[in-house]
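Here is the structure we will look at, set down as structure tokens.
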Amino acid sequence: MAGSVNDKISPPRWLLAELTYSCPLQCPYCANPINFANIKSELNTEDWLRVLSEARAMGAVQLGFSGGEPLIRQDLTELVRHARQLGYFSNLITSGYGMTEAKIVELKEAGLDHIQVSIQSPEKTLNDELAGTESYDHKKEVARLVKKNGYPMVLCVVIHRKNIHQMHDILAMASDLGADYLELANTQYYGWAHLNRDQLLPTKEQFVEAESIAQAYKEKVKGKMKIYYVVPDFYEDRPKACMNGWGTTFLTIAPDGTALPCHSARELPGLDCPNVKDMNVHDIWHHSTAFNHFRGFEWMKEPCRSCPEKTKDFGGCHCQAYLLTGDMHNTDPACSLSPDRQRVYDAIFQARHDAESSNAKPLVFRNPKNSKALT
Amino acid sequence: MTLDTTKTLSFSPYLRLQWEEAQQKHVILYPEGIVELNVPSTEILKLCDGAHNAEDILVELEEKFKQPGLKNDIYGFLEVAIENGWVS
């Protein structure tokens, strides 16, 4: 039941600390909210130190420092040091922009466990075009420096229609950079990616081909490079078990202190997500209306409610249900049993139409100017 | 895979093995993941310290647990650990 207090609530395991919405890049598939430019307040250092301590005391152990670009925060090293003292396994999720070798060493000494560098494309022109900033050469240099300084090299490439045909080159780049982990993240359509979906969503044929190339490579590099392949749920029959179940595992804290059950949840209307400035993390996790809203199965409508697979996928993604049907309580249309499945077919059709059109729409880049114009 | 039982084993410097109070378990932490361990697996991994090989680990743990015949369990787990990149 919405808002009820469940005695069997599992503690958070993963904490995503979105330190800032500021970013020197303008990627048109960014997961940040469209209105990020209007959310100006940021937690101070003391608040972040407290949040890290409170979440760790509950059992959170995997920690991501993200953004925007987390390197922009002047107190990053202090936060990393505190995280290490608390026993977190911490990850810096960065574009690499603005990173220096001195900073890489400083963060390592403070106790950072790994750095995930994102590269937009193995081709310089496309990388720089998508990032909205000339950054390709520097990103590759940062990836090499990460490896050189004893971190596991975690490379992330977001996949969409502009780069999906480059899968062979993406894999070769990962190998060339000595990546220990490669995240091939098919774009998930929230935030700016939702806005640009017609220009980003690949065709089914493109997906099938790219996936088979990636899977074959995965076998080839087994034991040397670990590949995480984030599936594109528009071409699946069943939805993803989003966030491993709402309020079971993941906790995101947005730059202004808003606590979110998933990083897109602030797009959901009427959830009234709590803020760490008003409540401690324990009370947010256990007692807030937002974190209890989709716990359990009572909130479900049909066809989820009577579905035997509800314990596996928890009804899918509520943000996707909202974006595609207007009601976050509906079954995620990524499920073929959803009565709104047609919305997914429509999206696929529109994207194909855009791809084949001689008059394709331009990408809307994620920057403060566009954010303000759209909100 | 055949385990070389005379090769010295080390836990990966990229990962961390630690006790988690909330779970009352040891875990392996690695980029994007957590593996929960039982007591025997933890004991084996703690001995992958750059000084022991698989034969040493077997002798030491059979002695510690006062239980012979652990060879298949210990070598089997080490093969899994090597395949997953936890140990090399």
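Condition check ((1) out of contact with any helix residue (DSSP H, G or I) (no Cβ under 9 Å at 6 or more places or on another chain); (2) under 22 Å from A:C30 (Cβ atoms)) across all residues:
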residue	(1), (2)
A:L260	no, yes
A:G270	yes, no
A:V276	no, no
A:E298	yes, no
A:K301	yes, no
A:Q320	no, yes
A:L337	yes, no
A:R343	no, no
A:D354	no, yes
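Filtering the range B:32-55 to residues that are closer than 19 Å to A:P12 by Cβ and open to solvent by less than 40 Å² (accessible area, probe 1.4 Å) leaves B:G33, B:V35.
So in the range A:222-258, with the set limited to residues that are among the aliphatic types (A, V, I, L, M) and touching a helix residue (DSSP H, G or I) at 6+ places or on another chain (Cβ under 7 Å), which one is farthest from A:M328 (Cα to Cα)? Among them, the one singled out is A:M225.
For the range A:364-373, does any single residue satisfy the condition of being surrounded by fewer than 12 Cβ atoms within 10 Å (Cβ to Cβ), assigned to a loop (DSSP other than H, G, I, E, B) and of a type in the set (S, T, N, Q)? Before you say what the answer is, go through the steps one by one.
Pass one, the range A:364-373, residues surrounded by fewer than 12 Cβ atoms within 10 Å (Cβ to Cβ): A:369, A:373.
Keeping just the survivors that are assigned to a loop (DSSP other than H, G, I, E, B) gives none.
No.
Is it the case, given these coordinates, that B:S10 is within 30 Å of A:Y228 (Cα to Cα), touching a residue at least 24 places away in the same chain (Cβ under 8 Å) and away from chain A (no Cβ under 12 Å)? So B:S10 passes the test.
At least 1 residues that are within 11 Å of chain A (Cβ to nearest Cβ) and either of a type in the set (S, T, Y) or over 24 Å from B:D4 (Cα atoms) (or both) in each: list the strands (runs of 3 or more DSSP E) lying fully within the range B:18-88 that qualify. Walk me through how you get there before you give the answer.
Values: elements: B:25-30, B:33-37, B:49-53.
The strands (runs of 3 or more DSSP E) meeting that bar are B:25-30, B:33-37.
The combined condition, being open to solvent by less than 20 Å² (accessible area, probe 1.4 Å) and part of a helix (DSSP H, G or I), is fulfilled by A:C319. Contact map, the range A:212-229: residues that are within 16 Å of A:P152 (Cα to Cα) and within 14 Å of chain B (Cβ to nearest Cβ) paired with residues that are open to solvent by 40 Å² or more (accessible area, probe 1.4 Å) and charged (D, E, K, R), Cβ distance under 6 Å, separation 6+ or inter-chain. Pairs shown: A:I227/A:K218. Against the definition (closer than 27 Å to A:L251 by Cα, more than 14 Å from chain B (Cβ to nearest Cβ), surrounded by 23 or more Cβ atoms within 10 Å (Cβ to Cβ) and modelled with pLDDT of 95 or more), how does A:H160 come out, yes or no? When the stated conditions are applied, A:H160 passes them. Of the candidates A:A214, A:A210, A:A179, the single residue that is in contact with a Leu (Cβ under 8 Å, 6 or more places away or on another chain), over 30 Å from A:G98 (Cα atoms), hydrophobic (A, V, I, L, M, F, W, C) and open to solvent by less than 30 Å² (accessible area, probe 1.4 Å) is A:A214. Of the residues making up the range A:260-293, those that are of a type in the set (S, T, N, Q) and buried (at least 22 other Cβ atoms within 10 Å of the Cβ) are A:S264, A:N292. Checked against (1) within 22 Å of the chain's Cα centre (by Cα); (2) part of a helix (DSSP H, G or I), A:S212 passes all but condition (1). Of all the listed residues (B:L29, B:L47), the sole one being under 12 Å from B:W86 (Cβ atoms) and among the hydrophobic types (A, V, I, L, M, F, W, C) is B:L29.
With the range A:88-200 as the region, which helices (runs of 4 or more DSSP H) entirely inside it contain at least 2 residues that are under 19 Å from the mean Cα position of the chain (by Cα)?
Numbers: elements: A:101-110, A:124-131, A:136-148, A:167-176, A:191-195, A:197-200.
In the range A:88-200, the matching helices (runs of 4 or more DSSP H) lie at A:124-131, A:191-195, A:197-200.
Can you find a residue in the range A:339-362 that is part of a loop (DSSP other than H, G, I, E, B), closer than 20 Å to A:A265 by Cα and either open to solvent by less than 50 Å² (accessible area, probe 1.4 Å) or among the polar types (S, T, N, Q) (or both)? Scanning the range A:339-362 turns up no residue that is part of a loop (DSSP other than H, G, I, E, B), closer than 20 Å to A:A265 by Cα and either open to solvent by less than 50 Å² (accessible area, probe 1.4 Å) or among the polar types (S, T, N, Q) (or both). Residue pairs whose Cβ atoms lie under 9 Å apart, separated by 6 or more positions or on different chains, with the first residue in the range A:176-201 and within 14 Å of chain B (Cβ to nearest Cβ) and closer than 21 Å to A:R144 by Cα and the second assigned to a loop (DSSP other than H, G, I, E, B) and open to solvent by 30 Å² or more (accessible area, probe 1.4 Å), are A:D180/A:K224; A:D180/B:Y14; A:D180/B:G85; A:Y181/B:E32; A:E183/B:E32. Say we look at the range A:99-125 and pick out the residues that are of a type in the set (D, E) and closer than 17 Å to B:L15 by Cα; which of these is surrounded by the fewest Cβ atoms within 10 Å (Cβ to Cβ)? Result: A:E109. Against the conditions (1) out of contact with any Lys or Arg (no Cβ under 9 Å at 6 or more places or on another chain); (2) open to solvent by 40 Å² or more (accessible area, probe 1.4 Å), A:Q26 satisfies every one except (1).
Yes/no matrix, rows are residues, columns are (1) aliphatic (A, V, I, L, M); (2) open to solvent by less than 20 Å² (accessible area, probe 1.4 Å):
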| position | (1), (2) |
| --- | --- |
| B:A22 | yes, no |
| B:Y30 | no, no |
| B:I57 | yes, yes |
| B:K66 | no, no |
| B:K71 | no, no |
| B:G76 | no, no |
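For A:A60, the test of being open to solvent by less than 30 Å² (accessible area, probe 1.4 Å), assigned to a helix (DSSP H, G or I) and at pLDDT 95 or above is failed.
The values are calculated or read from the model by the stated rules, or taken from the named source; none is laboratory data. Please read all numbers here as calculations on a predicted model, not as lab measurements. Counting neighbours? That spans all protein chains shown, and the Cβs are built from the backbone with ideal geometry, glycine included. Remember, those area values only see protein heavy atoms, side chains included, never the ligands or the DNA or RNA. Shrake-Rupley method; radii C 1.70, N 1.55, O 1.52, S 1.80 Å.
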